[in-house]
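Below is a structure I'd like to ask you about.
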Amino acid sequence: MGVFVGKNTKAIVQGITGSQGSFHTRLMLDYGTKIVGGVTPGKGGTQVHGVPVYDTVGEAVKRHDANASIIFVPAPFAADSAFEAIEAGLKTLVIITERIPIRDAVEVMAYAKREGVVIIGPNTPGVIVPGECKLGIMPAHVFRSGVVGVASRSGTLTYEIASGLSAMGLGQATCVGLGGDPIVGLSFVDVLKRFGEDRQTRAVALIGEIGGNLEELAAEFVASEGFGKPVVAFVAGRTAPPGKRMGHAGAIIMGRAGTAQSKIEAFLEAGVRVAEKPSDVARILAKELGR
Amino acid sequence: MKLHEYEAKEIFSKYGMPTPKGELATSPKQARDIATKLGVPVAIKAQVLVSGRGKAGGILFASSPMETEVITRRLLTTKVKATRVQSVLVEEKLNIKKELYFGITTDRSSQSYVVIASSEGGMDIEEVAAAMPEKIMRVLINPFYGFRSYHARQIARKLGYSANQLGDLTRIFIQLYRVAMDYDTELIEINPLVETIDGKFVVADARLLVDDNALYRHPEYKERLVQEETELSSRELEAQKSGLAYVSLDGNIGIIGNGAGLVMATLDVVQLHGGNPANFLDVGGGASADKMTSALDLVLSDPKVKVVFINILGGITRCDEVAKGILEAKKRVGFVKPMVIRLVGTNEEEGRRILTEAGIHVLDSMEEAAMRAVEMVKSGG
């Protein structure tokens, strides 16, 4: 089954006529994802890879009964696109766009929370339930269907760890990228709750990095609520210097907060196994699952 | 992007917040004239974008115009925390009764802005939070209705103020919130917010960081981002111009990879095997041959670098493009330094073929490659 998306996902692509939007629409269609429509204001009536394009989200949703959206719109217009999608009644939004201003992101998240909308991103590779649905830009070939739930703050590192899992015969139930920006829709705790309820998911890999406190909160959640499935964490940036932005807008150590050390300690205290290297994630999970 | 103290104060003053009387000086003579006009004693504050400026000797006091000139000359010819001082702010010296803290930043876990206030101003707020967490007030701002006067009054009350002072503080807090929203700040703080012995409040020092991602809404600062980031090394500036995420470090293994998380993990693995990274360099998603060439140019020209380790996991990025970029750089600068390349993912076979034909060995595993890079440094390349 997996979580967030699946066989019943009918998605629209906002910004479908742009180069990224069009390129990834083709790859998502190739994967079997139901992309039912696209939106680019002013380009309504045209088609992209056989997908009808509309001027507004409302039209696309009404015509095709869509329930999700993936957004490739440039940063200055991305918040507007997200609001439009939420107002049109879509309940799952993947925002690929990076570098959305903080103030815009704060407003989008508040509105989404009130309307019960799940926002994946911004600055995310998206979400994939291998074999069912890919709503994102990740390279499909590294993923296999299976029982591991993966939640990550980084794109390529997810591919690295997922291909390690796949190579060891450990497929994935869901892989979701939280996003590399400072303000993102999903936290590790939100994802853990969903993975906890999902019957296909039997073990979890959390891939964190420096900056913020999402990892610490996840550790606290596991420690206080208990989590019936094995969890392994990897935290990137042990060697990152304070005060420098390491590629992601959200990957910065401010003073003492946000260090890899603090996150690793929190996980260990909560009884979460911590992988020293990316390849250890698959090794530890294989052992936990008795492979 | 960080604004200088004097710029932040100009904005605050435009919003009706009380700031000390003072002016910016770029020469000792000018500083002396300002001191004469203001009357002594004065505070002389180096305008540098580093934290801990006071402790590093960047804030001094003078009791005569002559002394102001002497001190300014000294500040303008020395460095504060390795940063050259281009100007000083000469201000009236305040008669301090108490120092408060007031700031607004973002709270990632609640996805909103948060107000932070404390009766213990004047030092690094993170030190206060660590030493006296009970002295820190945190108030989340609801994005639907914002930070309102009653929120400001509640904070002022908790700081122990009433009567006229309650109104004065409320106005300062509300105006700071307006600046934060109007200027898209990711951090804005008054530290210290001084209560003078006659009961007035004054913004003694100010920090304002504009959200880099919102700079398109603030064209007046956008231009400057590249020119004035004084904490960036020249190599970091060059990287910024080529659209590469680069951070200079102290070691001798140059690292290039795609994706911030992967590059961070690469640094970690190198260190785990006993090596020392010379830099963080993320070429980003879908990097072209061109971008790869500029990345290699940047790393190869760094005298610290003894060995280069390229770690590419092709997703959107295509391995053949990366391989072409490496060969292009080879042609242009020549491989004076040994390299370890790990290349897997999209179009891997083609990428490998291109490099192997050119006599460059390619590895599949990130850890094996990291170990190899460390060995190469140890054996002197």
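Is it true that A:Ala240 is surrounded by 22 or more Cβ atoms within 10 Å (Cβ to Cβ), of a type outside the set (Val, Ile, Thr) and within 10 Å of chain B (Cβ to nearest Cβ)? Working first, answer last.
Values: surrounded by 22 or more Cβ atoms within 10 Å (Cβ to Cβ): yes; of a type outside the set (Val, Ile, Thr): yes; within 10 Å of chain B (Cβ to nearest Cβ): yes.
When the stated conditions are applied, A:Ala240 passes them.
Within segment A:203-233, count every residue that is out of contact with any helix residue (DSSP H, G or I) (no Cβ under 9 Å at 6 or more places or on another chain) and more than 16 Å from A:Ser262 (Cβ to Cβ).
2
I'm trying to understand the selection: among the residues of segment B:248-272, which are buried (at least 24 other Cβ atoms within 10 Å of the Cβ) and either without any contact (Cβ under 8 Å) to a residue 24 or more places away in the chain or within 7 Å of another protein chain (Cβ to nearest Cβ) (or both)?
Residues satisfying the conditions are B:Asn258, B:Gly259, B:Ala260, B:Gly261, B:Leu262, B:Val263, B:Met264, B:Ala265, B:Leu267, B:Val269.
Right, another one. In the same structural domain as B:Ile188 (by TED's automatic domain parsing), over 25 Å from the mean Cα position of the chain (by Cα) and at pLDDT below 95: is that true of B:Lys135 in this structure? Walk me through it before giving the result.
Details: in the same structural domain as B:Ile188 (by TED's automatic domain parsing): yes; over 25 Å from the mean Cα position of the chain (by Cα): yes; at pLDDT below 95: yes.
Considered against the rule, which asks whether it is in the same structural domain as B:Ile188 (by TED's automatic domain parsing), over 25 Å from the mean Cα position of the chain (by Cα) and at pLDDT below 95, B:Lys135 comes out as yes.
I'd like to verify a number: residues in segment A:87-115 that are within 14 Å of chain B (Cβ to nearest Cβ) and part of a helix (DSSP H, G or I), how many?
14
Check B:Ala278 against each of (1) more than 9 Å from chain A (Cβ to nearest Cβ); (2) closer than 22 Å to A:Ser154 by Cβ; (3) in contact with a helix residue (DSSP H, G or I) (Cβ under 7 Å, 6 or more places away or on another chain) and name the one condition it does not meet.
With respect to (1) more than 9 Å from chain A (Cβ to nearest Cβ); (2) closer than 22 Å to A:Ser154 by Cβ; (3) in contact with a helix residue (DSSP H, G or I) (Cβ under 7 Å, 6 or more places away or on another chain), B:Ala278 is out only on (3).
Identify, by number, the condition in (1) modelled with pLDDT of 90 or more; (2) in contact with a strand residue (DSSP E or B) (Cβ under 8 Å, 6 or more places away or on another chain); (3) in a loop (DSSP other than H, G, I, E, B) that A:Gly271 doesn't meet.
(2)
Taking strands (runs of 3 or more DSSP E) that do not extend beyond segment B:90-205, which have at least 1 residues that are over 26 Å from A:Ser187 (Cα atoms) and in contact with a helix residue (DSSP H, G or I) (Cβ under 6 Å, 6 or more places away or on another chain)? Let's see the steps before the verdict.
Working: elements: B:96-107, B:112-118, B:136-140, B:185-196, B:201-203.
It comes to B:96-107, B:112-118, B:201-203.
Moving on. Is segment A:142-154 home to any residue that is among the charged types (D, E, K, R), within 11 Å of chain B (Cβ to nearest Cβ) and either in a strand (DSSP E or B) or in contact with a strand residue (DSSP E or B) (Cβ under 6 Å, 6 or more places away or on another chain) (or both)?
yes
From (1) within 20 Å of B:Met366 (Cβ to Cβ); (2) surrounded by fewer than 24 Cβ atoms within 10 Å (Cβ to Cβ), pick out the condition that doesn't hold for A:Gly146.
It is condition (1) that A:Gly146 fails.
Quick one: would you say A:Val235 is among the β-branched types (Val, Ile, Thr), buried (at least 21 other Cβ atoms within 10 Å of the Cβ), at pLDDT 90 or above and not in a helix (DSSP H, G or I)?
Taking the combined requirement at face value, the residue satisfies it.
Mind listing just one residue for me: the one in segment A:165-190 that is assigned to a helix (DSSP H, G or I) and surrounded by fewer than 24 Cβ atoms within 10 Å (Cβ to Cβ) and, of those, farthest from the other protein chains (Cβ to nearest Cβ)?
My answer is A:Ser166.
Looking at (1) more than 16 Å from B:Ile11 (Cβ to Cβ); (2) within 14 Å of chain A (Cβ to nearest Cβ), can you tell me which one B:Leu215 breaks?
Of the numbered conditions (1) more than 16 Å from B:Ile11 (Cβ to Cβ); (2) within 14 Å of chain A (Cβ to nearest Cβ), the odd one out for B:Leu215 is (1).
For segment B:83-127, what are the residues that are away from chain A (no Cβ under 14 Å), hydrophobic (A, V, I, L, M, F, W, C) and under 22 Å from the mean Cα position of the chain (by Cα)?
B:Val85, B:Val88, B:Leu89, B:Phe102
Next question. Looking at A:Ser69, A:Ser19, which one is hydroxyl-bearing (Ser, Thr, Tyr) and buried (at least 23 other Cβ atoms within 10 Å of the Cβ)?
Working: A:Ser19 fails: buried (at least 23 other Cβ atoms within 10 Å of the Cβ).
Exactly one of A:Ser69, A:Ser19 is hydroxyl-bearing (Ser, Thr, Tyr) and buried (at least 23 other Cβ atoms within 10 Å of the Cβ), namely A:Ser69.
Still on this structure: Working carefully through the options A:Thr17, A:Thr25, find the one that is over 19 Å from the mean Cα position of the chain (by Cα), modelled with pLDDT of 95 or more and outside any strand (DSSP E or B). Can you show your working first?
Numbers: A:Thr25 fails: over 19 Å from the mean Cα position of the chain (by Cα).
The unique qualifying residue is A:Thr17.
Could you say whether any residue in segment B:307-321 is part of a loop (DSSP other than H, G, I, E, B), touching a helix residue (DSSP H, G or I) at 6+ places or on another chain (Cβ under 6 Å) and at pLDDT below 90?
Here is the first cut: in segment B:307-321, the ones part of a loop (DSSP other than H, G, I, E, B) are B:315-318.
So of that shortlist, the ones also touching a helix residue (DSSP H, G or I) at 6+ places or on another chain (Cβ under 6 Å) come out as B:315.
From what is left, the residues that are at pLDDT below 90 are B:315.
Among the residues of segment B:307-321, at least one is part of a loop (DSSP other than H, G, I, E, B), touching a helix residue (DSSP H, G or I) at 6+ places or on another chain (Cβ under 6 Å) and at pLDDT below 90, which makes the answer yes.
Filter segment B:317-329 for residues that are buried (at least 18 other Cβ atoms within 10 Å of the Cβ) and not hydrophobic (A, V, I, L, M, F, W, C); which is nearest to the other protein chains (Cβ to nearest Cβ)?
B:Thr317
May I ask you to list the residues in segment A:201-219 that are away from chain B (no Cβ under 12 Å) and either farther than 18 Å from A:Glu276 by Cα or surrounded by fewer than 24 Cβ atoms within 10 Å (Cβ to Cβ) (or both)?
Passing the criteria: A:Thr201, A:Arg202, A:Ala203.
Here is a list of conditions, (1) buried (at least 18 other Cβ atoms within 10 Å of the Cβ); (2) in contact with a helix residue (DSSP H, G or I) (Cβ under 6 Å, 6 or more places away or on another chain), and B:Tyr15 meets all of them except one; can you say which number that is?
Result: B:Tyr15 fails condition (1) only.
Yes/no matrix, rows are residues, columns are (1) within 30 Å of B:Tyr183 (Cα to Cα); (2) surrounded by fewer than 19 Cβ atoms within 10 Å (Cβ to Cβ); (3) basic (Lys, Arg):
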{"residue": "B:Lys37", "(1), (2), (3)": "no, yes, yes"}
{"residue": "B:Val50", "(1), (2), (3)": "yes, yes, no"}
{"residue": "B:Ser63", "(1), (2), (3)": "no, yes, no"}
{"residue": "B:Val70", "(1), (2), (3)": "no, yes, no"}
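The values are calculated or read from the model by the stated rules, or taken from the named source; none is laboratory data. Note that this is a predicted model, so its numbers are computed, not measured. All Cβ positions, glycine included, derive from the backbone under ideal geometry; neighbour counts span all protein chains shown.
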